[in-house]
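What follows is calculated from the coordinates using simple rules that are stated; it is not laboratory data. In this text the structure is predicted, and so the values were computed from the model without any measurement. For neighbour counting, all protein chains shown are included, and Cβ atoms are generated from backbone atoms with ideal geometry for every residue, glycine included.
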């Protein structure tokens with residue numbers, strides 16, 4: 001119809017400009033800044049990483065990425081992170097519950113403590129945890145008689161990963177829990193539901209998206225963690241060596257392409273995680289709209 | 001199922017929410033708890049439901065003490081102002097919830113639950129929404145679902161906390177008429193809380209007017225409107241003019257002008273307040289004084305639909321008097337600022353000022 005009449009290319013200056021000044025000026029400037037900022041800080045290193053990795057053929061990358069020592073490090077990095085994030089999901093929920101539901105002296109302090117793993121340099125945390133859980137440490141000495149060693153084992157790695165992941169679950173679940181009206185629980189009770197039924201059928205399903213998002217964030221954080229783990233892990237190849245450390249070791253041996261190959265694997269994993277987190281958040285936002 | 005509240009007291013810190021309150025509600029009645037915010041009406045409703053515990057006193061259902069029965073076992077249906085629907089469940093699942101959480105021995109079969117849910121959804125005329133999520137419904141629809149959910153467990157009493165408070169005016173009007181019809185169908189003993197006197201009047205069999213944790217007056221809507229027991233009820237139920245004056249020889253004096261208001265047995269008093277509703281005032285234009293008429297000056301005249309509103313000032317005392325009369329009389333409609341009129345209170349009540357009480 002009318003589209004046929006329009007010139008395919010508008011001659012500049014002849015057609016009046018359709019868009020007048022926006023009510024929010026500065027779009028062009030801020031977008032330009034955003035793109036160049038992201039380009040330099042995020043995109044460029046990633047591209048450099050892939051270019052470096054591409055010096056090898058795909059089969060060479062595959063060989064490096066699947067060598068037994070690398071595979072063992074994946075198992076620890078991803079397996080340990082999964083266990084740590086699972087622990088955080090349970091205890092993070094309890095912490096969030098206590099902070100939202102009850103009033104008690106020192107609540108503000110505990111609330112602030114939750115953020116400590118964010119703020120503390122991870123190396124400091126790693127050294128402190130190692131000191132505590134070493135066989136002569138405050139906590140480690142009580143496990144030593146039972147033949148349980150924590151520092152310099154995979155258990156130690158998981159403890160460090162749990163430490164750094166805790167704030168994610170708490171901070172994601174807290175506002176959702178706050179948003180749940182007490183009335184919903186009262187409604188369930190007045191309909192004859194027991195406390196347990198109310199939790200299992202009403203509260204938990206409402207919290208689940210937030211819990212999973214917190215889990216995914218804690219997991220992603222743990223997979224990338226380096227500083228705190230290397231002190232408590234002991235870094236024994238095939239046992240307590242995490243993937244980021246393996247990359248570091250390769251770099252120290254001037255095996256830049258090998259490090260880049262492992263880095264590429266981690267990068268793909270990070271992308272997949274981001275995708276999962278975004279999908280969870282989209283799901284959560286459709287579910288948690290006020291009813 | 002009759003409800004009896006006996007000498008219930010409830011304090012929150014130093015605030016007396018309920019002050020030794022007793023109330024009887026007959027089986028099948030629809031009763032409104034009416035009062036300003038903070039008067040204790042919601043607290044009373046929640047104590048009847050078992051969502052709140054009284055400090056002392058009893059709640060009886062059909063003569064049996066229910067004070068210590070947990071809300072879970074009390075068999076009350078409770079409807080919240082903000083619906084409190086389970087947002088991750090469909091409409092069907094919401095209504096089915098109360099049946100599904102029953103212990104296995106008394107839980108109906110899946111087919112029975114489905115039948116019951118659809119029956120209730122038909123009752124609230126929303127069966128076609130069974131598969132929707134709560135956030136896809138309008139406010140009015142959500143509240144009807146909340147009502148269906150409460151009715152699903154066959155409650156002995158239905159308790160509604162400001163059920164229409166979150167809805168806009170038009171939906172509110174529709175829904176309260178609908179609630180009245182529904183109650184006439186089901187005859188389940190119902191108590192609802194509202195701060196809207198019009199709503200209380202229109203929907204309920206009896207109105208309980210509350211203030212500061214106490215019952216000010218209890219009665220049928222017309223009775224409360226026509227015969228307010230005290231100044232508080234008078235002021236709370238509808239608009240009112242308050243005129244200061246004194247009584248001597250059976251007549252009220254407003255700043256020197258005596259008016260026999262036709263109230264029998266008035267004892268002499270130095271200070272009284274006469275209450276008169278804006279629509280219960282006769283208006284006659286002109287300067288000409290007469291027994292029982294009070295001269296006043298028109299300050300503004302405005303039109304609200306079928307009603308003419310006059311803001312006038314009494315010549316004798318300078319007090320403002322609001323008058324509402326039907327439009328359509330030329331002599332009234334033509335009144336303008338500065339015109340002198342004569343006012344006659346038609347159904348006045350005289351009370352001692354609150355400070356003396």
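Observations
- Considering only the protein assembly as shown, percent of DSSP beta bridges that pair antiparallel, nearest 5: 75 percent
- In this rough spin-label picture, where each label sits 7 Å from Cα along the Cβ direction, the residue B:184-residue A:200 distance is 4.5 nm.
- Gyration tensor over the Cα atoms of the protein assembly as shown: the corresponding equivalent ellipsoid has semi-axes (square roots of 5 times the eigenvalues, largest first) of 70, 35, 26 Å.
- Ranked A:124, A:202, criterion: other C-beta atoms within 10 Å, fewest first: A:124, A:202
- All Cα pairs of region B:62-153, percent lying beyond 22 Å: 29 percent
- Centre-to-centre, using Cα atoms only, region B:88-146 and region A:33-65 are separated by 54 Å.
- Partner shielding of B:84-94 amounts to 5, given as the average count of beta-carbon atoms from other chains within 10 Å of each residue beta-carbon.
- Residues B:90, A:30, sorted so that the one with the fewest Cβ neighbours within 10 Å comes first: A:30, B:90
- For the peptide B:141-153, the mean number of other protein chain Cβ atoms found within 10 angstrom of a residue's Cβ is 1.
- Counting neighbouring beta carbons within 10 Å and listing from fewest to most, the residues B:210, B:201 come out as B:201, B:210.
- Simple label model, 7 Å out from Cα along Cβ direction - residue B:90 to residue A:101, nm: 3.0 nm
- When the convex hull of its Cα atoms is viewed from all sides, region A:45-290 shows a mean projected area of 16.6 nm².
- The sum of -39500 (n - 2.57) across all DSSP H runs of n ≥ 4, divided by the residue count of chain B, sets its helix-only mean residue ellipticity at 222 nm to -7000 deg cm²/dmol.
- Prolate/oblate/rounded call for region B:248-345, Cα gyration tensor, a/c under 1.5 rounded: prolate
- Over chain A: helical MRE at 222 nm, DSSP H runs n ≥ 4 each giving -39500 (n - 2.57), nearest 500: -21000 deg cm²/dmol
- As a rough guide to protection, the peptides B:143-153, B:224-234 ranked by mean Cβ packing within 10 Å, highest first, stand as B:143-153, B:224-234.
- Calculated FRET efficiency for the pair residue B:222/residue B:27, C-beta based, R₀ 25 Å, to 0.05: 0.65
- Gain on full stretching of the segment that runs from residue A:178 to residue A:148 - 0.36 nm per residue minus C-alpha separation: 6.8 nm
- With each label modelled as a point 7 angstrom along the Cα→C-beta vector, the residue B:15-residue A:46 pair spans 5.3 nm.
- Sorted largest first, the spans of the alpha carbon positions of region A:195-291 along the three principal axes are 58, 26, 18 Å.
- With a cut-off of 17 Å on the backbone N, the residues of region B:275-314 near the modelled label site 7 Å out from residue B:326 along Cα-Cβ are B:278-284, B:304-310.
- For a label point 7 Å along the Cα-to-beta-carbon line of residue B:68, residues of region B:18-36 with backbone N under 13 Å: none
- Note on chain B: along the principal axes its Cα atoms extend 82, 45, 33 Å, ordered by decreasing extent.
- Cα gyration tensor shape of region A:229-280, rounded if a/c is under 1.5, else prolate or oblate by comparing a/b with b/c: oblate
- Remark: relative contact order (region B:1-57) = 40 percent; criterion is Cα-Cα distance under 8 angstrom and separation of 6 or more residues.
- Chain B: angle of helix B:110-123 to the longest principal axis, Cα-based, in degrees nearest 10: 20 degrees
- Two-site FRET efficiency, residue A:171 against residue A:279, from Cβ-Cβ distance with R₀ of 30 Å, rounded to 0.05: 0.90
- Cα gyration tensor category, rounded, prolate or oblate, for region A:22-94 with a/c compared to 1.5: oblate
- For region A:238-285 versus region B:257-318, the gap between their alpha-carbon centres in whole angstrom: 86 Å
- Angle in degrees between helix B:169-186 and the longest Cα principal axis of chain B, rounded to the nearest 10: 60 degrees
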